[in-house]
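One structure is given here, and the rest of the page talks about it.
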2 protein chains.
Amino acid sequence: MASLKVPHPVPSPTEDAESLRKAFEGWGTNEKSIISILAHRDAAQRKQIRLAYEELYQQDLIKRMESELTGHLEKAMYRWMFGPAEREAILVYTEVRKANPTPDPRVIIEIACVSSPEELLAVKKVYQSCYKHSLEEDVASLRSCWSRIVSQLLVALVGTYRYDGGEIDTRLAHVEAKTLHDAINEKAFGHEEVIRILTTRSKAQLNATFNCYKDEYGTTINKSLPADSENEFFLALRATIRSLTSPCKYFEKLLRNAIINHGTDENTLTRVIVMRAEKDLQEIKEVYYKRNNVPLAHAIAKDISGDYKAFLLALLGD
Amino acid sequence: MASLKVPHPVPSPTEDAESLRKAFEGWGTNEKSIISILAHRDAAQRKQIRLAYEELYQQDLIKRMESELTGHLEKAMYRWMFGPAEREAILVYTEVRKANPTPDPRVIIEIACVSSPEELLAVKKVYQSCYKHSLEEDVASLRSCWSRIVSQLLVALVGTYRYDGGEIDTRLAHVEAKTLHDAINEKAFGHEEVIRILTTRSKAQLNATFNCYKDEYGTTINKSLPADSENEFFLALRATIRSLTSPCKYFEKLLRNAIINHGTDENTLTRVIVMRAEKDLQEIKEVYYKRNNVPLAHAIAKDISGDYKAFLLALLGD
């Protein structure tokens, strides 16, 4: 469930565009007014507002906001203004083009695994029309940034149009649970079989396989992976398994780490909140509370400040 | 250009359905009449006829034809009755499920490389809705049929949603021509770089890369590959390169081999003629004539007989 709260009745796109214009003009930008409007409109409404603004003032709203806002608020608002496919295409592109520090495999894993096959396809289409490349070739070209095996995993993850049906082949689930277990026990983590299974099977089938794994070996597959926080392949595998099967838990952990580590990780905080606000942020909040005994909004409020804080809290819908 | 010839005016779907019914009834099936109708209707018209037949006689036309026809004609007509995406999904599925002899990688390569990205996506969608699996996972599961490297190539080929635009990066073409040349010269054919380039770059970009290759090394990339007809990876690489850049030449060679080898290879003959009749069979015929100094129809007519021959010649449009 989305955490986004839209008022009823909602002002017309033209009224919103006029209010935004007022917020930009005069002495200094009125960030509070901008947040009060845009943090409470869904993707379709934001698109309409952008069109109305362009029509009224012959100016691109996103460009205008870039010149009016600064810092983390500007970045978060820029991400927020796009629809999901555009936003995710921009997120991956920004990551893929990063020379230093090394691109974060999690951004690619998240978008490949949490999205439905149709959503991922929509991201790939936007990516191609914006950047004149395929997502696959850009991820494949990054091979020198990661180990060979991480690169193999990522290329296969973005390159699969997974089956999305609910059918489960129980016999296959047993066979592949054993294949995974053998690969982990023989410490053959780079085993192509692990990559093949994780990158091609449907989510329903993988869920069945992971359940078999737990039933037969008494532990989850994620817990079977060695606890080596330095090994980027194990980290990538964990993120893959978690984001395929329990996206809310996966995002809860990202948020937890973004907040509790030394210095807030605003990039991750913004990415998760903006990306999930219209999808499942409500569930993520519940998982967060259950795990940390403190509401996510309180934890975030203690960690950041100003208009950026006001914006994220508004998206959290509390 | 298609080789298919449709009469003008064309009878209505109901008239065609009635004529087909007549051809099925009475003493023995009238194959000539069936061919004279169906070999001269395009995919949309055949679909309409199938619907009209179902409506008139509460019977599936394709099932009825299966019980009326036999041998190679039955098989060819069965393939012909479907639209391109259904047909190609069936072709790959039949190949992928074959235990013995080993599945023919060329069928998978053809469909992955000759198709446009949108056509391949349509095949994948039909495949999923018919078989409740993704094409990717079925191809990936075949790893034991082929060498590891052939399997890697095929999985990556079916798993890419290539960019379809015409933009070319000349600098990149030079760099990747050298990468390919180095891999071939070092006999590192299994080199992941070769697979990465062939499976992720757009066709326009690959064409530029292969042209650079020719300019800089004085020979085509295909000719640089060792002439080892036993090595399945070289064969698969050649088929990939040829079907990506010169599909008509690729199909001409398939047809030539299907005809001149000991005993006609009816499977290949049927596949190519039926698959290309509504697409580029006219060009394939021209390439065939140029290469063999004999019209394709003559060569086929000498090699096969009966109604099967009449059907293929009708599709050839001569």
key: Top-ranked residue of the stretch A:146-180 - restricted to ones that are buried (at least 18 other Cβ atoms within 10 Å of the Cβ) and outside any helix (DSSP H, G or I), ranked as modelled with the lowest pLDDT   = A:Trp146
query = Looking at (1) within 14 Å of another protein chain (Cβ to nearest Cβ); (2) without any contact (Cβ under 8 Å) to a residue 40 or more places away in the chain, which is the one condition that is false for A:Phe210?
reply = (1)
Filter result for A:His72 (surrounded by 19 or more Cβ atoms within 10 Å (Cβ to Cβ) and farther than 25 Å from A:Ala236 by Cβ) = yes
Looking only at the stretch B:99-128, and only at residues there that are open to solvent by 40 Å² or more (accessible area, probe 1.4 Å) and closer than 22 Å to B:Phe234 by Cβ, the one that is farthest from the other protein chains (Cβ to nearest Cβ) = B:Pro101
request  = Return a yes/no flag: does the stretch B:283-295 have any residue that is under 24 Å from B:Ala156 (Cβ atoms), crowded, with 20+ Cβ neighbours inside 10 Å and not assigned by TED's automatic domain parsing to the domain that holds B:Val123.
outcome  = no
Check on A:Ala301, of a type in the set (A, V, I, L, M, F, W, C) and open to solvent by 10 Å² or more (accessible area, probe 1.4 Å) = yes
inquiry  = Please pick out the residue among A:Ser229, A:Ser243 that is away from chain B (no Cβ under 14 Å), touching a helix residue (DSSP H, G or I) at 6+ places or on another chain (Cβ under 8 Å) and either open to solvent by 60 Å² or more (accessible area, probe 1.4 Å) or modelled with pLDDT under 95 (or both).
reply    = A:Ser229
The lone exception for B:Val194 - which of (1) within 10 Å of chain A (Cβ to nearest Cβ); (2) closer than 19 Å to A:Ser134 by Cα; (3) part of a helix (DSSP H, G or I) it fails = (1)
inquiry  = Would you confirm, using the coordinates I've provided, whether A:Tyr217 is aromatic (Phe, Trp, Tyr), surrounded by 22 or more Cβ atoms within 10 Å (Cβ to Cβ), in contact with a His (Cβ under 8 Å, 6 or more places away or on another chain) and free of Cβ contacts under 8 Å to residues at least 60 places away in the same chain?
reply    = no
ask   = Which helices (runs of 4 or more DSSP H) sit wholly inside the stretch B:218-316 and have at least 3 residues that are touching a Pro at 6+ places or on another chain (Cβ under 6 Å)?
value = none
query = Going by the conditions given, is A:Glu136 assigned to a helix (DSSP H, G or I), buried (at least 18 other Cβ atoms within 10 Å of the Cβ), over 23 Å from the mean Cα position of the chain (by Cα) and within 13 Å of chain B (Cβ to nearest Cβ)?
reply = no
inquiry  = So in the stretch A:35-54, with the set limited to residues that are part of a helix (DSSP H, G or I) and charged (D, E, K, R), which one is least open to solvent (accessible area, probe 1.4 Å)?
reply    = A:Arg46
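The values are calculated or read from the model by the stated rules, or taken from the named source; none is laboratory data. Everything numeric in this text was worked out from a predicted model, so none of it was measured. Cβ: placed from backbone, ideal geometry, glycine included. Neighbour counts: every protein chain shown. The accessibility values were calculated without ligands, DNA or RNA, using every heavy atom of the protein model including side chains. Shrake-Rupley method; radii C 1.70, N 1.55, O 1.52, S 1.80 Å.
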